[in-house]
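Here's the structure, in C-alpha cells; my notes come after.
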Amino acid sequence: MVRPRIIVTRKLPEPVEARLKALFTVAFNPSDEPFGKQKLIKAMTRADGILCAFGDNIDAEVLQAGGARKAQILANFGVGTNHIDLEAAEELGVVVTNTPGVLNDATADLAMALILASTRRMWMHENRLRRGEWQGFDLTSGLGCSLRDKVLGVVGMGRIGTALAMRAHFGFGMKVIYFNRSKVFAAAVPKAESVDSIEELMAQADVISLHVPGDAENRHLINAERLAMMKPTAHLVNTARGDVVDETALIEALQKGAIAGAGLDVFEHEPAVPEALKALDNVTLLPHIGSATLETRIAMGMRAVDNLQAHFSDQVPPHQVV
Ligand code: 8YV
C-alpha cells in the first residue's frame, strides 16, 4: 500500500517526528522556517495531509489549491484553529483536527504564573535588580497584592479556564467568578459563580484571565469600554489569543494606570510586540509559551498523529473540528 504523504510545517519534538516517520512518507521542516502563503499552497497540492500549527495562515485561497493531489486533512498541532478558515475547509471537504485536553495543565500553569508575576510586580522588581538599581532591602516600596480572598474572573470556563480556576481556588484561596457565552455550562470548580454579563465580571474581579477561542465573535471582546470597567487595582492576564484584547486600548489603560497590571502571553500581531508595551513596567510579556513544556508538546504532537492515523485508516479522527 502506498503510504500517505504528509507535509509538516514546523519542526516537531523528536519522538513525534519518529512516530510520523514510521507511519507515513513525511516531508519535515528541519529549519523550522515558517511557511509563507506560497509554500502552504504548494503543500496543499503535494501532500495527502498537512500537520500544521499556529502561525500557518490557512485561508480560503490556500484551501482551494490543488488538483489531482490535494491534502484531505489538516492536523493542527494545537487546540486553537483561528488561523484556519474552518468554513472554507468544511465547504471544500478538508478535514481539520486539533489537540485538546493535553495542554490544559501547561497553559493553566502559565496563566497562574502570569497572575503571580503581575500581582507581585515581578517584572518591575527583576528589571530594577538587573539594572543594578536595588539599593537594599526595605519594607514599603513596590508592594504587590495578595491573592487570598481576591476574586478571579475567568472569561471562558472551558477546559483551560477550569484548570486555572482549580489552581486559584485550592492553591491560592481565591474566589472564582466566570462568564461563558454558552449558558448551559456548570463549572466543575467548587463555589465558582457564573455571572450574567462580561461587564459584571470586569467590574467585580481583582484578576481577570481570558480563556476564550480567538474567533471573530471574540475579537476585541476586551475593548476600551470594558477595560474602563475594571477596578484600578485589577490585573488582566491573556494566554488565549492576542486579538481577544484591543491591544491599543490596553496599552492606554496601562499607561494611565487605569488598571494595575497585565500578564500577556499572546499579542494581536504576533510576533510583533508594540514598543509601547515593552516600555511599561506594569506588564509581564511572554512569547506565546502557554503549552511550551516538553511533555505537553510531545503529547500535542502525538494527538495530531493520532488524528492523521485515524483519518488514513478510514476512521473518524478522535479530535475532528470540521
Ligand atoms: C500552541 C496554542 O503552542 O494550542 C494552542 O491553541 O495556542 C498553543 O499553546 C500553538 O497552537 C502551537 O500550534
Theoretical gain in end-to-end length, Ile289 to Glu200 [0.36 nm per residue, Cα-Cα removed]: 29.1 nm
Charge dipole (debye, nearest 20) of the chain; +1 at Cβ of Lys and Arg, -1 at Cβ of Asp and Glu: 760
For region 208-282 and region 298-317, distance of Cα centres in Å: 35
DSSP-defined antiparallel bridges as percent of all bridges, the chain, nearest 5: 5
Approximate spin-label separation Leu92-Ala68, in nm, with each point projected 7 Å along Cα-to-Cβ: 2.0
Accessible-area value, Ser209, 1.4 Å probe, nucleic acids and ligands omitted, Å²: 0
Dipole of the chain, positive direction: furthest Cα of Leu103, Ile259, Asn218, with charges on the beta-carbon: Leu103
Cα pair distances of the chain binned at 20 Å [whole percent]: 31, 52, 17, 1
Nonlocal amide H pairs with Phe77, under 5 Å, H built at 1.01 Å: Cys52, Ala53, Phe54
Approximate spin-label separation Arg46-Ser313, in nm, with each point projected 7 Å along Cα-to-Cβ: 2.9
Heavy atoms of Glu217 accessible to a 1.4 Å probe, total area in Å² rounded to 10: 130
Where Asp281, Asp196, Asp206 fall by accessible area, highest first, once all protein chains stay in place (1.4 Å): Asp196, Asp281, Asp206
Protein accessible area in region 104-205, 1.4 Å probe - carbon and sulfur %: 55
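Would you compute, from DSSP H runs of 4+ residues alone, the mean residue ellipticity of the chain at 222 nm, taking -39500 (n - 2.57) per run and dividing by the full residue count, rounded to the nearest 500?
Values: 12 runs with 108 residues, N = 322.
Computed ellipticity for the chain at 222 nm equals -9500 deg cm²/dmol.
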Full-extension gain in nm, Glu33 to Glu217, via 0.36 nm per residue minus C-alpha separation: 63.2 nm
Among Gly142, Gly261, Gly173: highest mean-square fluctuation, GNM of the chain, C-alpha pairs under 10 Å: Gly142
All lysines inside 16 Å of Lys39 as judged from Cα atoms, apart from same-chain residues fewer than 8 positions distant: Lys11, Lys70
Region 104-285 - accessible surface per residue (Å², probe 1.4 Å): 49
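Check each of the trypsin sites (Lys or Arg not before Pro) in region 97-151 and keep only those in coil by DSSP with at most 16 other C-beta atoms within 10 angstrom; list them in order. All intermediate terms of the calculation are to be shown ahead of the outcome.
On the way: sites: Arg120, Arg121, Arg128, Arg130, Arg131, Arg148, Lys150; in loops: Arg120, Arg121, Arg131, Arg148, Lys150.
In loop regions of region 97-151 (DSSP not H, G, I, E or B), the sparsely surrounded trypsin sites (Lys or Arg not before Pro) are Arg131, Arg148.
The values are calculated or read from the model by the stated rules, or taken from the named source; none is laboratory data. If you're wondering where the values come from, they're calculated on a predicted model, not measured in any experiment. Because the Cβ atoms are built from the backbone with ideal geometry, glycine has one as well, and the counts that use them run over all protein chains shown. Just so you know, the surface numbers come from the protein's heavy atoms only, side chains and all, with ligands and any DNA or RNA stripped out. Shrake-Rupley method; radii C 1.70, N 1.55, O 1.52, S 1.80 Å.
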